[in-house]
Amino acid sequence: MKLIKKILRFFLLDIVEKQIQKQENKTKSKLELCEKWVEELLLSTDIELENVYVHKLGNWGLCGKSSYGQTFKKLNDGTEKWFDIIHSDKAYIFVPEIKNTWTVHAWIHEIGHYQLGHYKDKNKPTYIKEYEAEQYSIEKATECPHIDDFMMVDVEVGARWYVWSHVLKAIKKGEINKDTIEPYIKEYLLKSPYIAKEFESECAMSEHEFNKKVA
Ligand SMILES: [Zn+2]
C-alpha cells in the first residue's frame with residue numbers, strides 16, 4: 001500500500017510539475033510577445049531612442065525632460081539614484097524589464113506620458129497626467145492581441161488604484177480637496193465599490209494630513 005502511494009505521489013507530482021512548467025512557458029512566450037509589441041509601440045513614436053533606458057531596478061517607469069542632463073528617482077529602499085540623460089534637450093523614458101503584466105503596463109503608461117506631451121506641460125496637475133496616461137494604457141492594452149482578459153483585469157484594476165493613490169497624494173499636498181477633484185476622475189474612481197467605500201474617509205484623512213502640515 002505504501003509503495004502504491006509513493007508511486008502515485010511521484011506520478012502526481014510529475015503531472016503537477018509538468019503543468020506548472022507548461023503554464024510558465026506559456027506565460028513566458030506571452031510576455032515575450034507583449035515585449036515585442038510594446039517595443040513596436042515605442043518605435044511608432046518619435047522619441048529619441050538613445051533617451052530610452054531599460055532598467056532592472058523594479059517595476060517603475062519615468063517620462064520627463066531634464067535640462068541638467070541628469071534625473072533622479074527615489075527607489076523602493078528610499079535611496080535616490082541619479083541617471084545620466086544622453087540628449088538633455090529631448091524627452092527621456094525609463095522603463096522596466098518586462099517580467100509581468102505590470103511591467104508591460106508600465107511601458108505603455110510611460111509611452112502614454114510621452115505621446116500626450118506631459119513632459120512639456122508644467123501646468124497640468126500630476127494626478128490628471130497620471131489619469132490620462134492610465135487611460136492611454138488601457139486603450140492600447142485593449143488593442144494588444146497578446147494581452148488576454150486576465151491580464152486586462154490586472155491593467156484596469158491597477159490603473160484605478162494607481163490614479164486613486166495620486167489623487168490622495170495631491171490632497172496631501174493641498175493641491176486639491178475632495179470637492180475640487182476633476183469630476184470625470186472622481187466618477188472614474190467611484191466605479192470601484194472598494195474605492196467608493198473608503199473615498200470620503202481617505203480624502204478626509206489626507207486633508208487632515210495637509211492641514212496638520214500647514215498649521
Ligand atoms: Zn505616470
If we keep only residues of region 191-204 that are of a type in the set (A, V, I, L, M, F, W, C) and exposed (fewer than 14 other Cβ atoms within 10 Å of the Cβ), then the residue nearest to Glu130 (Cα to Cα) is Ala196
Got a number for residues in region 143-173 being in contact (Cβ under 8 Å) with a residue 12 or more places away in the chain, over 20 Å from Asn211 (Cα atoms) and of a type in the set (D, E, K, R)? 4
Considering each of Asn177, Asn100 in turn, give the residue that is farther than 18 Å from Trp60 by Cα, away from the ligand (no atom under 16 Å from the Cβ) and not basic (Lys, Arg). Asn177
For region 46-64, which positions are away from the ligand (no atom under 14 Å from the Cβ), within 14 Å of Tyr114 (Cβ to Cβ) and within 19 Å of the chain's Cα centre (by Cα)? Val52, Tyr53
Considering (1) surrounded by 11 or more Cβ atoms within 10 Å (Cβ to Cβ); (2) assigned to a helix (DSSP H, G or I); (3) under 20 Å from the mean Cα position of the chain (by Cα), say which one His146 fails and leave the rest. (2)
Give all pairs with beta carbons closer than 8 Å in which a residue from region 174-187 that is in contact (Cβ under 8 Å) with a residue 12 or more places away in the chain and β-branched (Val, Ile, Thr) meets a residue that is in a loop (DSSP other than H, G, I, E, B) and surrounded by 11 or more Cβ atoms within 10 Å (Cβ to Cβ); count only pairs at least 6 apart in sequence or on separate chains. Ile176/Pro125
Picking from Tyr131, Tyr119, which residue would you name as being farther than 30 Å from Lys28 by Cβ, within 13 Å of the chain's Cα centre (by Cα) and not β-branched (Val, Ile, Thr)? Tyr131
Per-region count, region 167-187, residues surrounded by 15 or more Cβ atoms within 10 Å (Cβ to Cβ) and modelled with pLDDT under 95: 1
For region 158-168, state whether one or more residues are of a type in the set (D, E, K, R), out of contact with any strand residue (DSSP E or B) (no Cβ under 6 Å at 6 or more places or on another chain) and within 26 Å of Thr101 (Cβ to Cβ). yes
Check Asp148, Asp77, Asp84, Asp89 and return the single one that is touching a helix residue (DSSP H, G or I) at 6+ places or on another chain (Cβ under 8 Å), more than 13 Å from the ligand (Cβ to nearest atom) and on the phi < 0 side of the Ramachandran plot. Asp148
Among the residues of region 122-145 satisfying the criterion of being within 12 Å of the ligand (Cβ to nearest atom) and of a type in the set (Gly, Ala, Ser), which is farthest from Asn100 (Cα to Cα)? Ala133
Check Ile138, Ile85 and return the single one that is in contact (Cβ under 8 Å) with a residue 24 or more places away in the chain and among the aliphatic types (A, V, I, L, M). Ile85
Given the condition modelled with pLDDT of 85 or more, over 30 Å from Glu143 (Cβ atoms) and hydrophobic (A, V, I, L, M, F, W, C), answer yes or no: does some residue in region 59-72 qualify? yes
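The values are calculated or read from the model by the stated rules, or taken from the named source; none is laboratory data. Note that the structure is predicted; figures quoted are calculated from it, not measured. Neighbour counts are summed over all protein chains in view; Cβ atoms, including those assigned to glycine, are modelled from backbone coordinates with ideal geometry.
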